[in-house]
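The values are calculated or read from the model by the stated rules, or taken from the named source; none is laboratory data. Please read these numbers as outputs of a predicted model, since none were measured by experiment. Virtual Cβ from ideal backbone geometry, glycine too; neighbours counted across all protein chains shown.
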Amino acid sequence: MMGKLRSFGPIGLLLVLVTPALADSPGQIAVSSAHELATEAGMDIMAAGGNAFDAAVTVSAVLAVVEPASSGIGGGGFWLLHQPESDRSVMVDGRETAPAAAYRDMFLDADGRVNRDLAINGALAAGIPGAPAAWVHLAEHYGSLPLAELLAPAIRLAEEGFEVDQKYQTLLNFRAHIMLQWPETAEIFMPDGDVPALGTIIRQPDLAGTLRALAERGFDGFYRGEVAERLVDGVRAEGGIWTMEDLANYVVAEREPIRISYRGHELITASPPSSGGIAIAQILNIIEPWDLSELDRVERVHLLAEAMRRAYRDRALYLGDPDFVAIPTDMLLSPAYAAGQRSTLRMDRALPSSALAADPAMTMESDNTTHFSLLDADGNLVSGTLTINLPYGAAYAPPGTGVLLNNEMDDFSAAPGEPNAYGLIGFTANAIEPRKRMLSSMSPTIVKGPDRIAVLGTPGGSRIITMVLLGLLDFIDGNGPESWVSMPRFHHQYQPDEILVERGALEDKEIAALRALGHEVNVRARPWGNMHGVMLNRKNDSVEAAHDPRWQSGGAEVRSQP
Ligand code: GLY
């Protein structure tokens with residue numbers, strides 16, 4: 001039975017609300033994703049008897065086809081799973097890895113400067129993909145339906161095509177000039193030789209063939225044999241360093257999520273190689289003594305910005321692939337450490353970032369990457385954030401594969417203190433090493449309160465972390481997903497030493513008050529993020545789902561499952 005649909009709030013925002021009968025078994029299914037075709041496919045898989053983990057595979061694979069700017073079979077991601085019966089949560093880590101021939105200085109020129117072109121465009125920029133291995137892993141270990149059935153909607157859409165939307169166009173505008181360097185790739189995504197008009201049908205027959213090989217042969221269909229050979233040949237022909245062994249050796253990891261309590265709520269969120277969970281947990285630990293409801297907006301923004309500043313400094317200093325570096329997680333999340341961070345925090349004055357040890361400069365990240373949140377009829381939850389890094393990744397697809405390569409190698413710090421495409425810098429912990437996973441900001445998150453459970457996440461590079469923070473604080477304030485996804489955003493990331501605000505997020509007098517405290521405040525005309533949330537409320541047995549109004553293409557749906 002189809003749930004009741006209601007339009008809500010600004011254009012592009014869809015809130016759906018269904019009220020079922022049973023208290024402990026929600027009996028409802030919900031998906032919110034960045035594309036309505038992915039949402040529909042995920043809902044259909046669950047309606048056909050699949051569980052949330054099956055649907056996570058289907059939604060991820062369909063997004064890979066219909067939202068090629070943001071994620072894909074050539075990329076990676078984190079899938080945060082929660083099973084309510086056992087109260088078990090796990091993060092499936094399908095993050096890309098550096099090829100075995102990668103080395104610390106591989107993007108430096110003779111003068112020791114980072115060659116930005118090589119770091120983000122073409123074959124050398126690509127890490128070994130993790131997404132297809134993660135889909136196989138999810139299907140084998142958590143799903144209930146055959147992989148071929150889960151991938152069928154993506155294969156059909158790759159063959160039959162989908163319509164170009166505003167997001168496809170907007171993001172391709174940033175990357176078209178690079179993609180045109182590889183005519184076979186440009187033919188797929190720009191069939192008429194230019195950024196296509198709205199409604200143009202994009203067909204990807206080579207990608208359909210690659211997806212079919214994965215559906216038929218599982219891991220081996222992508223990482224060994226014909227597809228792997230084409231990938232390696234195409235990468236090496238363009239100056240890349242992948243080998244057949246790199247692909248065959250790719251391994252999905254299962255990670256314990258970061259879990260902390262905050263004011264009666266349990267936070268379950270992404271662990272390293274994501275930096276997001278630790279940073280969010282640090283911020284919550286720092287602000288815990290304050291009752292945010294007693295603060296006015298200026299005090300609240302000031303407090304959060306000060307906590308963000310401190311957490312982002314630690315991100316640059318300490319975080320990297322946990323299989324390669326010893327991350328002092330216990331220290332970073334300890335009450336004593338939070339107390340130390342608070343000891344320099346004053347409510348009447350901003351602390352310049354330069355006064356905190358280390359001086360990593362960080363700037364902006366854009367709205368690529370993608371996120372989906374979903375719930376099945378047994379209450380299983382998935383919060384998934386996936387990426388190929390910059391819009392359309394490395395902008396190159398090895399011939400005959402349809403696999404748009406990621407440019408995730410740029411998420412490593414190519415040289416100590418040298419900013420990447422987003423201005424993020426790091427030090428040794430995130431230096432390039434063979435087979436290492438690059439640090440990420442992706443923060444798929446679940447928050448459990450006394451009655452309500454939130455599933456949320458967003459793209460947005462370094463700002464993912466603060467968006468998820470603001471979203472979960474809004475949930476804890478008592479609001480539902482339509483509020484989390486649409487609320488105006490602000491952000492501080494240590495360096496540059498500024499509070500970034502979306503236009504309209506603060507009144508002029510509030511900005512003036514923050515400046516009087518010593519903050520630099522910069523208002524951005526362009527909004528950021530693309531949050532997708534689902535909420536289960538056991539008090540009234542309702543489920544809500546909402547997608548971010550900032551883009552038109554998202555889809556949020558809730559249905560009662562008979
Ligand atoms: N490529 C963006 C991230 O993983 O944070």
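For segment 256-270, name all the residues that are touching a residue at least 40 places away in the same chain (Cβ under 8 Å) and either within 18 Å of Arg452 (Cβ to Cβ) or surrounded by fewer than 23 Cβ atoms within 10 Å (Cβ to Cβ) (or both).
Glu256, Pro257, Arg259, Ile260, Tyr262, Arg263, Gly264, His265, Glu266, Leu267, Ile268, Thr269
A single entry from Ala101, Ala119, Ala148 fulfils the requirement of being aliphatic (A, V, I, L, M), part of a helix (DSSP H, G or I) and surrounded by fewer than 19 Cβ atoms within 10 Å (Cβ to Cβ): Ala148.
Among the residues of segment 158-173, which ones are farther than 18 Å from Gly72 by Cα and in contact (Cβ under 8 Å) with a residue 60 or more places away in the chain? Matches in segment 158-173: Gln166 only. Report whether or not Asp246 is of a type outside the set (S, T, N, Q) and in contact with a strand residue (DSSP E or B) (Cβ under 8 Å, 6 or more places away or on another chain). Taking the combined requirement at face value, the residue satisfies it. Could you run through segment 255-288 and say how many residues are within 16 Å of the ligand (Cβ to nearest atom) and either touching a strand residue (DSSP E or B) at 6+ places or on another chain (Cβ under 8 Å) or part of a loop (DSSP other than H, G, I, E, B) (or both)? Selection size over segment 255-288: 13.
Counting only strands (runs of 3 or more DSSP E) that sit wholly inside segment 512-562, those with at least 2 residues that are in contact with a Ser or Thr (Cβ under 6 Å, 6 or more places away or on another chain) are 532-537, 542-547, 555-560. Checking each residue of segment 547-561 against the condition of being touching a Pro at 6+ places or on another chain (Cβ under 6 Å) and more than 30 Å from Val164 (Cα to Cα) gives at least one match. Cβ-Cβ contacts under 6 Å between residues 6 or more apart (or on different chains), taken from a first residue in segment 368-389 that is within 14 Å of Ala56 (Cα to Cα) and among the acidic types (Asp, Glu) to a second residue that is more than 9 Å from the ligand (Cβ to nearest atom) and assigned to a strand (DSSP E or B), are listed as Asp376/Ile29. For segment 63-93, the set of residues classified as of a type in the set (A, V, I, L, M) and not in a loop (DSSP other than H, G, I, E, B) consists of Leu63, Ala64, Val65, Val66, Leu80, Leu81, Val90, Met91, Val92, listed by residue number.
In segment 496-515, the count of residues that are buried (at least 21 other Cβ atoms within 10 Å of the Cβ) and within 16 Å of the ligand (Cβ to nearest atom) is zero. For segment 67-90, filtered to residues that are surrounded by 24 or more Cβ atoms within 10 Å (Cβ to Cβ) and of a type in the set (A, V, I, L, M, F, W, C), the residue that is nearest to Leu381 (Cα to Cα) is Leu81. What do you reckon, is Gly471 among the small types (Gly, Ala, Ser) and either in a helix (DSSP H, G or I) or within 20 Å of the chain's Cα centre (by Cα) (or both)? Against the criterion (among the small types (Gly, Ala, Ser) and either in a helix (DSSP H, G or I) or within 20 Å of the chain's Cα centre (by Cα) (or both)), Gly471 qualifies.
Per this entry, Leu214 is not counted among residues that are more than 19 Å from Leu390 (Cβ to Cβ), within 26 Å of the chain's Cα centre (by Cα) and exposed (fewer than 14 other Cβ atoms within 10 Å of the Cβ).
Take the conditions (1) outside any loop (DSSP other than H, G, I, E, B); (2) modelled with pLDDT of 95 or more; Val16 misses just one of them, which is (2). Return a yes/no flag: does segment 463-471 have any residue that is touching a residue at least 12 places away in the same chain (Cβ under 8 Å), away from the ligand (no atom under 16 Å from the Cβ) and either on the phi < 0 side of the Ramachandran plot or of a type outside the set (Ser, Thr, Tyr) (or both). Yes, because at least one residue in segment 463-471 is touching a residue at least 12 places away in the same chain (Cβ under 8 Å), away from the ligand (no atom under 16 Å from the Cβ) and either on the phi < 0 side of the Ramachandran plot or of a type outside the set (Ser, Thr, Tyr) (or both). Pick out the one residue from Ile178, Ile202, Ile155 that is buried (at least 19 other Cβ atoms within 10 Å of the Cβ), touching a residue at least 12 places away in the same chain (Cβ under 8 Å), hydrophobic (A, V, I, L, M, F, W, C) and touching a Pro at 6+ places or on another chain (Cβ under 9 Å). Only one candidate qualifies: Ile202.
Only residues that are within 27 Å of Ala415 (Cα to Cα), at pLDDT 95 or above and in contact with a helix residue (DSSP H, G or I) (Cβ under 7 Å, 6 or more places away or on another chain) were counted across segment 343-386, and they come to 1. For segment 239-250, check the following and say yes or no: at least one residue is within 16 Å of the ligand (Cβ to nearest atom), under 30 Å from Arg217 (Cα atoms) and of a type outside the set (Phe, Trp, Tyr). No: segment 239-250 contains no residue that is within 16 Å of the ligand (Cβ to nearest atom), under 30 Å from Arg217 (Cα atoms) and of a type outside the set (Phe, Trp, Tyr).
Conditions (1) surrounded by 20 or more Cβ atoms within 10 Å (Cβ to Cβ); (2) within 16 Å of the ligand (Cβ to nearest atom); (3) touching a residue at least 60 places away in the same chain (Cβ under 8 Å), marked per residue:
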{"residue": "Gly402", "(1), (2), (3)": "yes, no, yes"}
{"residue": "Leu405", "(1), (2), (3)": "yes, yes, yes"}
{"residue": "Phe412", "(1), (2), (3)": "yes, yes, yes"}
{"residue": "Ile446", "(1), (2), (3)": "yes, no, yes"}
{"residue": "Asp477", "(1), (2), (3)": "no, no, yes"}
{"residue": "Gln493", "(1), (2), (3)": "yes, yes, yes"}
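Can you tell me which residue within segment 379-400, out of those that are more than 9 Å from the ligand (Cβ to nearest atom) and closer than 21 Å to Gln166 by Cβ, is nearest to the chain's Cα centre (by Cα)? The extreme case among them is Leu386. Taken over segment 151-192, the criterion of being in a helix (DSSP H, G or I), under 24 Å from Glu36 (Cα atoms) and in contact with a helix residue (DSSP H, G or I) (Cβ under 7 Å, 6 or more places away or on another chain) is satisfied by Leu151, Pro153, Ala154, Ile155, Leu157, Ala158, Glu159, Leu172, Phe189. When Ile464, Ile476, Ile511 are checked against the criterion of being of a type in the set (Val, Ile, Thr), more than 30 Å from Thr210 (Cα to Cα) and within 21 Å of the chain's Cα centre (by Cα), Ile464 stands alone in meeting it.
Residues that are at pLDDT below 90, part of a loop (DSSP other than H, G, I, E, B) and among the β-branched types (Val, Ile, Thr) within segment 390-439 comprise just one, Ile425. Across segment 186-199, which residue is nearest to Glu67 (Cα to Cα) among those that are surrounded by 18 or more Cβ atoms within 10 Å (Cβ to Cβ) and hydrophobic (A, V, I, L, M, F, W, C)? Looking at residues that are surrounded by 18 or more Cβ atoms within 10 Å (Cβ to Cβ) and hydrophobic (A, V, I, L, M, F, W, C), I get Phe189.
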